[in-house]
1. So how strong a dipole does the chain carry about its Cα centre when Lys and Arg Cβ are +1 and Asp and Glu Cβ are -1, to the nearest 20 debye?
2. Once a ≥ b ≥ c are taken as the square roots of the eigenvalues of the Cα gyration tensor of the chain, is the result rounded (a/c under 1.5), prolate (a/b larger than b/c) or oblate (a/b not larger than b/c)?
3. Working out 0.36 nm times the residue gap between residue 45 and residue 2, then minus their Cα-Cα distance, what length gain in nm do you get to one decimal?
4. Mind counting lysine pairs for me in the range 1-73? Cα separation below 18 Å, and the two need to be 8 or more apart along the chain or on different chains.
5. Carbon-plus-sulfur fraction of the accessible area of the chain, 1.4 Å probe, in percent?
6. Using R₀ = 30 Å, calculate the FRET efficiency as 1/(1 + (r/R₀)^6) where r is the Cβ-Cβ separation of residue 15 and residue 35; round to 0.05.
7. So who's got an amide H within less than 5 Å of the one on residue 37, skipping anything under 5 residues away but keeping other chains? H placed 1.01 Å off N, in plane.
8. For residue 24 and residue 89, FRET efficiency with R0 = 22 Å and r from the beta-carbon atoms, rounded to 0.05?
Amino acid sequence: MKLIQNFAELLHEIKLPSAEKCFCIEDGDEKYIKKWIKNGEISCELEKLFEWMNVEYKLKKKDLNHEEKQLAEEIKKRFPLDQWRVIKIFSDHQKKYRYYRKAIEDVKKRTSPRMNEQAIMTIFSPGWGINT
């Protein structure tokens, strides 16, 4: 599994997709995470996938037999076990920022600098909801 090719570009343009869509499935990955892939993409939340991998492949255990150790090493080489959280944080942050920006822009459209406090509060009353 690897980052999408244009990740850096999307990061700087504040256009990252969901964390799950920031990763591409590579040849051979399906063998290990088949139940979590649909149409060539991750079909669950990233956190759920990596938690499952930690349990399924005993990645945090020390007393593994030879086969289990080899499998754990293969998983550690193939998947971004230590980096996925950073990608999720970037993606989630940008999603929240985009939402927040839309809310602020909508409030600006509905208000003017000369409005008093009472008038401003009416934009939050039922029927006026902020468009997101």
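The values are calculated or read from the model by the stated rules, or taken from the named source; none is laboratory data. Note that the structure is predicted; figures quoted are calculated from it, not measured. Positions of Cβ are generated from backbone atoms using ideal geometry, with glycine treated the same way; all protein chains shown enter the neighbour counts. Keep in mind that these areas ignore ligands, DNA and RNA; they rest on the heavy atoms of the full protein, side chains included. Shrake-Rupley method; radii C 1.70, N 1.55, O 1.52, S 1.80 Å.
1. Using Cβ point charges on Lys, Arg, Asp and Glu, the chain gives about 500 debye.
2. prolate
3. Extra length available between residue 45 and residue 2 comes to 13.9 nm.
4. Going through the range 1-73 pair by pair, I get 22.
5. 51 percent
6. After rounding, the FRET efficiency stands at 0.50.
7. Correct list: 43.
8. With a Förster radius of 22 Å, E is 0.70.
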